[in-house]
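> Once you've had a glance at the structure underneath, I'll fire off some questions.
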Amino acid sequence: MNTHLSKIKQTAIATSIAAVIAGAGSVHAQGTAVVLEEVIVTAERRSESVQDIGLSISAFSGDGLLDAGVYDVSRLAALVPGVNYSFAGNDAKFNVRGANSTNTFSDNGSIVGTYVDGVYKPRASQTTAAFYDIQRVEFLKGPQGTLYGRNTFAGAMNVWTNKPDLDGVSGGLEVGYSRFNTARMEAVINYPVSDNFGLRVAGYTESGDGYIENTAGPNLGVPDDKAIRISALWQAGDDVDVLLRYSSIKKDGASAGIFGYTNICANVTEQGITDHNGSEKRCDSSRLGSNGTPEFKDPWTISQDYAPDDEYGEDSFALTVTWDTGPVAITSITSYTDFVNNLQFDFDYSAANYSLGGFDEYSESYTQELQFTSNYDSALQWTGGLYLSKDETRFSFNIVNTRLDDDSGVEWVTGPDGNDYQLFYPGTPILNNIYNLDGAWADNQILETDTKGIYGQLEYSVTDSLRLVAGARYSDEEKELSAGGSLYYGGAISIVPGMSGVQDPNTPEITDARDVFVFDYSEGLEAKESWDNTSWKAAVEYDLNDGSMLYAVGSTGFLSGSMSPYGGTTDPQESEMFEAGIKSIFLDGSLKFNLAAYYTEYTNLLTQEQRQVGDIVSTVSINGGDIQATGLELDTQYVVNNWTLDLRAAWLDAEFGTYGQTYPYQLLDGEAVGFVDVDGETPGWSPEFTLFLGGSYLFELGNGGTLTPRLQVYYSDEFGTSNLYAPDKNQIQPSYTKTDFSLTWRSANDQYSLQAFIENIENEAVLGRGNNGGTDNIQTSFLYPQNYGLRFKVSW
């Protein structure tokens, strides 16, 4: 702990020095006609400038996101210092300040709570679908347990969409065409029906050929999306607004796998036994029944016979009522969401017809929140609220081996410890083409979650320059698990009669693994558990002058325990953060300078353990241990003489305390190990240093409008991407850069715009999230390759 205290002192000193430098800069302010865009946020449940909140918040307007080429969450991380992004299937996995969201399947939530128009989204796969007709995005870093509560263990992301405008008819259309024959169209129409009632309809469609070429079947990473959002605003009186939103999102394309869409090379010893420190590499697939797929060469090329379309859909209603009573503003947010995300995948990762399966999740969510905010002139301001939610979610994971494989060629060798080990082999061949389903396996879980919360936060202005903030939240969460199990647990699932051990060559082709199983909800395991927690926040803010503020804040976060039918119940995860920083606007509003130093401790973090369940190696969640993280984050922007210059940087020193992880290979430096302590190692997705540089210049063309070239470069140090064993050398992402360039023309009246762009000029293949299969194969994904295209927009 002394080492970490020393680091805290170092970061505190660095922050103080930066504050002195920034303060000196304000004395020498230079006049300029160009000012920064002010983003108004509601991160603290009241409208205020992001620069006036003593907390690390990155906020972007809808136009600002489009200028930076951000159309989905995958590109947002480059703009937010201290945040890394990965994915698995449809799940967005944000990694913040040393903590990661590697496991978001089943009863495992993201460490970053996502809210769309104030409504919490319980599934990580719901994070990827709301980016259209956006007003702004707010990314809050650090625990947000007080005002937000649910699963804001390391941060929160607020996505706010545009609501109806009663001032007049308006609308817009944007069309884009990019690499991989990808076409996207977004449209919006705003219509005030009367002086106090208005409608807004927005939607988008996107289709394409897919960025993952499949030489044996349909491509993966194929967009086939459509969404519509209808918003109705009624000003029921001078002080009451009623806003109803309905949203429907459908995705029928093929995602980029579940755990990963491709296999990569594995290290082996000279004997051929898998060992992440092995001196040799094997790049062919070891998956059963794969017949030894070709050596891995291209991150975005696969050879898989089974690549069905996914089933993804979300229908949601949200009713927001705001009432300004005078001294108190009252907000009620009521929501209902029906969500489905079914993914099927080729589990032999090859052109052979052997193993198929998938992961399904269905969720119904109800939420109700009441917010009360002071609305009068006083030194004491306050916010309070009540929160209720009820989720019913079903998860199912299934695999079917459709044919028998021939494992007679598998070789064994005596290892250095005298035990026998299996040599890495190029996947077993299929014995024949006759169906045999005795390798079928599945589980099924139905989970009901009831959450209750009460919270409050006070802000007291001691003087015009000094403010004190204190808040707390009490949360109670109850979970009930039923009908959980597998073929090896409880009898809740069985094979469809007549399909077990099929020997009839005329059996119809199986195109969906779920067709093989019968789910019996009257049998299986049952479990019930509840957790409660009190999260707190304390902060002090001091205004150096009209444009500069120093702050210090401490806060905590909480994630309830996780339940599994064959993994038991875990203890809650908790986080505690201390942060100090400066927020400044200098040089007559042309320079933003924000710097933060923090120390965060995460305790009782979940890890994944691989267990043998019948003939299947299953991954379950257990409490693994702790992480400590210290860091500095810089966010600056300078706008002068038609130039806009951005500099964002993050330094992170994160390491595990006592922390157990599954070692997924046969040997570790010549010895057989299972569950290992990674104390002192760096957690995954935690590069020591990241840097974002951006620059644009506005050329004025008179009545011809404007022309703006923009160049932005993102650099990252190396980091690990294994969800099981963080130091795994097979899954290290080396340091890299990604460079984007765009050229945007806008008409003089700003009604029309045309943009040409190229993203990831280097065509850098960045690892997403790695997983290890039961035959020591490494399943992984790569982020998007180089992209280029055109976007045209018209608005009125």
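The values are calculated or read from the model by the stated rules, or taken from the named source; none is laboratory data. As the structure is a computational prediction, the values presented were derived from the model and not from experiment. Cβ: placed from backbone, ideal geometry, glycine included. Neighbour counts: every protein chain shown. All accessible areas refer to the heavy atoms of the entire protein, side chains included, with ligands and DNA or RNA removed. Shrake-Rupley method; radii C 1.70, N 1.55, O 1.52, S 1.80 Å.
> Under the condition of being charged (D, E, K, R) and outside any loop (DSSP other than H, G, I, E, B), which residue from segment 304-358 is farthest from residue 223 (Cα to Cα)?
324
This table checks each residue for (1) open to solvent by 30 Å² or more (accessible area, probe 1.4 Å); (2) of a type in the set (Ser, Thr, Tyr); (3) modelled with pLDDT of 85 or more.
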| position | (1), (2), (3) |
| --- | --- |
| 454 | yes, no, yes |
| 462 | yes, no, yes |
| 471 | no, no, yes |
| 477 | no, no, yes |
| 519 | yes, no, no |
| 522 | yes, yes, no |
| 525 | yes, no, no |
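> Write out, first by first residue and then by second, each pair whose Cβ atoms fall under 7 Å of each other, whose residues are 6+ apart or on separate chains, and whose first residue, in segment 323-343, is without any contact (Cβ under 8 Å) to a residue 12 or more places away in the chain while the second is surrounded by fewer than 15 Cβ atoms within 10 Å (Cβ to Cβ) and part of a strand (DSSP E or B).
none
> Next question, about the same structure. Would segment 689-706 turn up any residue that is charged (D, E, K, R) and crowded, with 21+ Cβ neighbours inside 10 Å?
no
> List pairs: first residue in segment 444-473 and free of Cβ contacts under 8 Å to residues at least 60 places away in the same chain and within 30 Å of residue 516 (Cα to Cα), second residue open to solvent by 10 Å² or more (accessible area, probe 1.4 Å) and not hydroxyl-bearing (Ser, Thr, Tyr) anywhere in the structure, Cβ distance under 6 angstrom, at least six positions apart or on different chains.
448/392; 448/480
> Same structure again: Among the residues in segment 404-413, are any within 30 Å of residue 563 (Cα to Cα), in contact (Cβ under 8 Å) with a residue 40 or more places away in the chain and part of a loop (DSSP other than H, G, I, E, B)?
no
> Just one of (1) under 28 Å from residue 234 (Cβ atoms); (2) among the basic types (Lys, Arg); (3) buried (at least 21 other Cβ atoms within 10 Å of the Cβ) trips up residue 390, so point out which.
(3)
> Looking for something assigned to a strand (DSSP E or B), among the small types (Gly, Ala, Ser) and modelled with pLDDT of 85 or more - is there at least one such residue anywhere in segment 106-125?
Yes: one or more hits.
> Cβ-Cβ under 8 Å, sequence separation 6+ or interchain: first residue in segment 619-640 and on the phi > 0 side of the Ramachandran plot, partner among the hydrophobic types (A, V, I, L, M, F, W, C) and part of a strand (DSSP E or B). Which pairs?
625/605; 625/656
> Just for strands (runs of 3 or more DSSP E) wholly inside segment 45-98: which have at least 1 residues that are surrounded by fewer than 22 Cβ atoms within 10 Å (Cβ to Cβ) and more than 14 Å from the chain's Cα centre (by Cα)?
57-61
> Okay, moving on. Which residue, of 710, 769, is surrounded by 17 or more Cβ atoms within 10 Å (Cβ to Cβ), over 30 Å from residue 278 (Cβ atoms) and basic (Lys, Arg)?
710
> Taking into account only those residues within segment 109-130 that are small (Gly, Ala, Ser) and closer than 21 Å to residue 200 by Cβ, which is surrounded by the most Cβ atoms within 10 Å (Cβ to Cβ)?
Residue satisfying both the conditions and the ranking: 130.
> Could you list all residues from segment 728-759 that are surrounded by fewer than 21 Cβ atoms within 10 Å (Cβ to Cβ) and either in contact with a helix residue (DSSP H, G or I) (Cβ under 6 Å, 6 or more places away or on another chain) or not in a strand (DSSP E or B) (or both)?
729, 734, 735, 747, 748, 749, 750, 751
> Another question about this same structure. Identify all residues within segment 538-558 that are closer than 17 Å to residue 470 by Cα and either open to solvent by 20 Å² or more (accessible area, probe 1.4 Å) or among the polar types (S, T, N, Q) (or both); write none if there are none.
Result: 538, 540, 542, 550, 552, 555, 556.
> A follow-up question, please. So which residues in segment 259-285 are among the small types (Gly, Ala, Ser) and either open to solvent by 30 Å² or more (accessible area, probe 1.4 Å) or within 14 Å of residue 780 (Cα to Cα) (or both)?
Listed by number, the residues that qualify are 260, 266, 279, 285.
> Would you check which residues across segment 713-727 are part of a strand (DSSP E or B) and either of a type in the set (Phe, Trp, Tyr) or surrounded by fewer than 21 Cβ atoms within 10 Å (Cβ to Cβ) (or both) and list them?
If the condition is that a residue be part of a strand (DSSP E or B) and either of a type in the set (Phe, Trp, Tyr) or surrounded by fewer than 21 Cβ atoms within 10 Å (Cβ to Cβ) (or both), then 713, 714, 715, 719 are the ones that fit.
> In addition: Kindly list, by first and then second residue, each pair from a residue in segment 773-790 that is among the hydroxyl-bearing types (Ser, Thr, Tyr) to a residue that is surrounded by fewer than 18 Cβ atoms within 10 Å (Cβ to Cβ), limited to pairs with Cβ atoms under 6 Å and residues at least 6 apart or on different chains.
788/179; 788/758
> Residue by residue through segment 357-387, note down the ones that are open to solvent by less than 30 Å² (accessible area, probe 1.4 Å), of a type in the set (Gly, Ala, Ser) and in contact (Cβ under 8 Å) with a residue 60 or more places away in the chain.
Scanning segment 357-387 gives 357, 358, 363, 365, 384, 385.
> Related question: Working only within segment 318-356, note down all residues that are surrounded by 19 or more Cβ atoms within 10 Å (Cβ to Cβ) and at positive phi.
349
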